């Protein structure tokens with residue numbers, strides 16, 4: 001893994017240049033310049049599409065995987081030859097993509113090459129917090145007595161049971177480890193109180209810790225009924241070095257971007273974010289929303305890749321990494337379009353893109369038809385390109401029906 005740039009390694013100050021009023025000496029980057037990068041860097045322009053899903057996952061620094069369908073839809077939007085089989089190969093046959101509870105406590109599918117970076121920079125800290133939370137709930141809300149010793153004993157039994165079976169669902173493991181059937185009362189005394197099994201929490205925790213991985217789901221690729229299997233241990237990397245490498249990759253894919261964007265995307269503290277930007281030698285630029293950063297030598301018009309002006313349209317799924325890549329989205333998303341395209345929790349639904357801007361939303365109806373609606377006047381060229389993408393999506397989906405886990409007003413309206 002590349003080490004931080006020498007000039008910042010020597011200082012190790014953990015700070016990056018900041019400004020009050022925007023410095024006139026900084027190169028200015030317009031929203032149009034930022035949008036022009038997305039087609040090629042996020043593999044959405046037709047000429048930039050990838051041959052394999054691993055290339056896609058690395059290009060966007062991980063595919064959102066909270067909704068199982070998102071991984072497939074995001075990957076296929078960027079593949080030259082889209083199909084669920086290519087994604088299944090990477091996830092379940094070659095296991096060249098692994099799912100980790102990581103940035104913002106979200107499940108991401110990342111390549112095995114990037115997994116140690118994600119694990120050391122974010123996932124392990126999240127797993128530690130998840131463990132502390134689960135133990136607290138077990139002590140206070142479980143039907144039977146639990147303490148740290150009992151939790152460790154049950155975890156050991158679970159790992160042995162999964163290893164013996166090769167792969168198994170949570171319910172199947174509970175046949176061998178009955179303690180998993182015990183229940184925890186969540187939100188006691190509230191109108192929305194619920195009872196969860198210990199198994200439903202514990203196996204996810206063991207996956208967060210890197211001990212288990214999700215196998216091919218029972219049912220179609222849109223299913224969440226995963227069996228579990230033992231996972232190979234991820235190498236431990238120095239945390240600071242891992243954070244710098246993750247920041248470098250993110251800036252290369254999503255920059256120019258602000259410190260607040262990276263802090264939000266990674267789920268780090270402000271101190272960790274500033275230190276990572278300093279360690280990677282991030283260069284300052286002036287954005288409409290304030291100070292932004294790029295990796296060294298990546299200022300638009302100053303050595304950046306050519307060919308970033310190719311027209312492109314895309315139908316991206318709910319929680320696609322491009323749509324969820326920044327905290328500040330005004331440069332690619334009209335604020336008036338937030339209400340129809342987001343749910344109440346801030347999850348973005350299926351979106352229609354034209355040349356780096358969100359211009360509408362789409363949905364799949366019960367009969368399989370992919371329909372879309374523009375929220376602004378896009379013109380004939382854009383409409384034809386979007387229609388072609390809708391046909392391309394329908395073609396590889398075939399008989400599969402996809403309903404987003406997080407439904408938005410426009411998606412519901414299109415399917416009604």
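The values are calculated or read from the model by the stated rules, or taken from the named source; none is laboratory data. As the structure is a computational prediction, the values presented were derived from the model and not from experiment. Methodologically, a virtual Cβ is constructed for each residue, glycine included, from the backbone with ideal geometry; neighbour enumeration extends over all protein chains shown.
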Looking only at strands (runs of 3 or more DSSP E) that lie completely in segment 154-225, which have at least 2 residues being closer than 21 Å to residue 92 by Cβ? 212-214
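Every residue, every condition in (1) free of Cβ contacts under 8 Å to residues at least 60 places away in the same chain; (2) in the same structural domain as residue 351 (by TED's automatic domain parsing); (3) surrounded by fewer than 20 Cβ atoms within 10 Å (Cβ to Cβ), yes or no:
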{"residue": "375", "(1), (2), (3)": "yes, yes, yes"}
{"residue": "389", "(1), (2), (3)": "no, yes, no"}
{"residue": "399", "(1), (2), (3)": "yes, yes, yes"}
{"residue": "405", "(1), (2), (3)": "no, yes, yes"}
{"residue": "410", "(1), (2), (3)": "no, yes, no"}
{"residue": "415", "(1), (2), (3)": "yes, yes, yes"}
Which one of these does residue 104 not meet: (1) at pLDDT 95 or above; (2) within 18 Å of the chain's Cα centre (by Cα)? (1)
Listed by range, helices (runs of 4 or more DSSP H) wholly within segment 1-75 having at least 2 residues that are within 23 Å of the chain's Cα centre (by Cα) and either at positive phi or at pLDDT 85 or above (or both) are 31-41, 53-59
Go through segment 184-224 and count every residue that is farther than 16 Å from residue 140 by Cβ, touching a residue at least 12 places away in the same chain (Cβ under 8 Å) and surrounded by fewer than 12 Cβ atoms within 10 Å (Cβ to Cβ). 1
Restricting attention to segment 126-149, which residues are assigned to a helix (DSSP H, G or I), touching a residue at least 12 places away in the same chain (Cβ under 8 Å) and surrounded by 13 or more Cβ atoms within 10 Å (Cβ to Cβ)? 126, 127, 130, 131, 134, 135, 137, 138, 141
Given (1) within 21 Å of the chain's Cα centre (by Cα); (2) at pLDDT 90 or above, identify the lone condition not met by residue 227. (1)
Tell me yes or no: at least one residue of segment 153-168 is more than 20 Å from the chain's Cα centre (by Cα), surrounded by 13 or more Cβ atoms within 10 Å (Cβ to Cβ) and under 30 Å from residue 29 (Cα atoms). no
Farther than 24 Å from residue 105 by Cβ and in the same structural domain as residue 55 (by TED's automatic domain parsing): does that describe residue 296? yes
Just to be sure I understand the filter: pairs with C-beta atoms under 7 Å, separated by 6 or more residues or on different chains, first member in segment 42-69 and free of Cβ contacts under 8 Å to residues at least 24 places away in the same chain and not assigned by TED's automatic domain parsing to the domain that holds residue 208, second member in a helix (DSSP H, G or I) and buried (at least 21 other Cβ atoms within 10 Å of the Cβ). Which pairs pass? 56/75
